[in-house]
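Read the structure below first, then the notes.
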Amino acid sequence: MSATQKTYDLSSEIRGYLSTLSILRSEVKTQVDSVSVRVDRMERELEYLEDKIPTQSDIEMEEALLQQQIKAAELEQLKKKAEINVENDCSMALSQVKSLKIVKKAGDPNGCWFKDPSEGSNKVYLFSGFRNNTILEYKSLKSFTKTSTLPANEVQLPFYWQGTGHVVYNGFLYCHKADTPNEILKVDMLNGTVLDSTLLPGAGRLPVYSLNPNTYLDMAVDELGLWVIHADPEYGGSLVITKLDKESLAVEYTWDTQCRSHDAEGAFLICGTLYVVYNTRYGGRSTIQCLYDIHDTIHSNESPVMFFPKRYTSHSSIHYHPGDKQLYAWDDGYQTIYKVETRSNAQMISK
């Protein structure tokens, strides 16, 4: 091979290397430009974040504002509680369950019955079973007592209710809607129309009483108005009582009690004090072993255990009537009335 040919081949090879080097240089320049753009973008974003991050003084001001808001919320809750105390002068407490009267035997082994506790109403209502859509309405207790008397009205609802914790108050039914964990309905008893509903926070995950496993919400009425009792697993299954506005179903206030759901078969309220009734799973003599007073004037350790008159079975529902000062109970299919004796809170404490 001649020197000229070798020179040509070497020159051609060098040109190829130069061409490749040029391409690589172009690629590197492109990558450098791209990195530069990204660095610029990161610098701008860092500047933006620095502008957005509050100073220490701003953080301290926000913490102070948050504490202020928490205190305001707590004060608002205390005001609501105070309104319940002030607007209703009610200082009675249960001293004993005096006597037992079996009125009738009707319906299923489980159910509830009661009078409308509103002033001037004598109507009696019967709810048979723990899931149904039929309510029997009687003109009076005397009419209900007569075996041959047919109900004045048989209300067919467009939905099913669940459990045995319903009440009729001022002509309106308040009940737990079946197939929902915690929906409370307000129903006009004249035509069965649903007027309002609400979902009760924290309720419906646990039966309110372990001896009544089909009842998750227990409505109640006392001298202060409308209540709902339920059990909360987050508090170890202890009972919770909530005061409801009977017009709008809005929650007015909620109290967490120390009364346990285990071995409980029912409960009722008198003047804002919850009385919890306990039994055994085999059926026995019912006793009141725990109470919770929203006014914080009496406590369980200051009140002796109260016994129901001897009847060795168990209740599927217990409803207090503030006008009659009586308990309307469903006792293994028997509609039963207990008369109660009350005293002032001061008498209960001194005793």
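The values are calculated or read from the model by the stated rules, or taken from the named source; none is laboratory data. All values derive from a computational prediction rather than experimental measurement. Please note that ligands, DNA and RNA were not included when accessible areas were found on the heavy atoms of the full protein model with its side chains. Shrake-Rupley method; radii C 1.70, N 1.55, O 1.52, S 1.80 Å.
Would you please give the residues with an amide H less than 5 Å from that of A267, counting only those at least 5 places away or on a separate chain, with H modeled from the backbone geometry?
Under 5 Å from the amide H of A267: V277, I318.
Once each part is reduced to its C-alpha centroid, what is the distance from region 97-136 to region 143-197 in angstrom?
Centre-to-centre distance over Cα atoms comes out at 11 Å.
Please state, as a whole number in µm²/s, the translational diffusion coefficient that the Stokes-Einstein equation yields for region 202-247 at 25 °C and 0.890 mPa s, with Rh defined as the Kirkwood radius across alpha carbon pairs. Don't jump to the answer; show the numbers that get you there.
Values: Rh = 10.9 Å.
Value of D from the Cα-based Kirkwood radius: 224 µm²/s.
For the pairs K246/K339; K101/K146; K104/K146; K186/K246; K101/K339, note any where the Cα-Cα span goes beyond 18 Å. It would help to have the intermediate numbers written out before the result.
Numbers: K246/K339 26 Å; K101/K146 15 Å; K104/K146 9 Å; K186/K246 9 Å; K101/K339 9 Å.
Checking Cα-Cα distances, K246/K339 exceed 18 Å.
When all alpha-carbon pairs of region 176-292 are counted, what percent fall beyond 25 Å?
Details: 1411 of 6786 pairs.
So the portion of pairs separated by more than 25 Å is 21 percent.
Given H placed 1.01 Å from N in the peptide plane, which residues other than close sequence neighbours of T342 have an amide H under 5 Å from its amide H?
Amide H neighbours of T342: S95.
Rounded to whole Hz and in sequence order, give me ³J(HN,Hα) for region 93-100 from the Karplus expression 6.51 cos²θ - 1.76 cosθ + 1.60, θ = phi - 60°, writing x for Gly and Pro.
9, 6, 10, 6, 9, 7, 9, 10
Between their Cα atoms, which of K177/K325; K177/K310; K105/K177; K98/K177 are more than 31 Å away from each other?
Values: K177/K325 29 Å; K177/K310 34 Å; K105/K177 26 Å; K98/K177 34 Å.
Check vs 31 Å cut-off fails for K177/K310; K98/K177.
Taking a probe of 1.4 angstrom, what is the accessible area of S128 in Å², to the nearest 10?
S128 has an accessible surface of roughly 20 Å² with all protein chains in place.
Would you mind checking which residues have amide H under 5 Å from S140's amide H? H placed 1.01 Å from N; only 5 or more apart, or other chain.
Excluding prolines and chain starts, which carry no amide H, the hits are V124.
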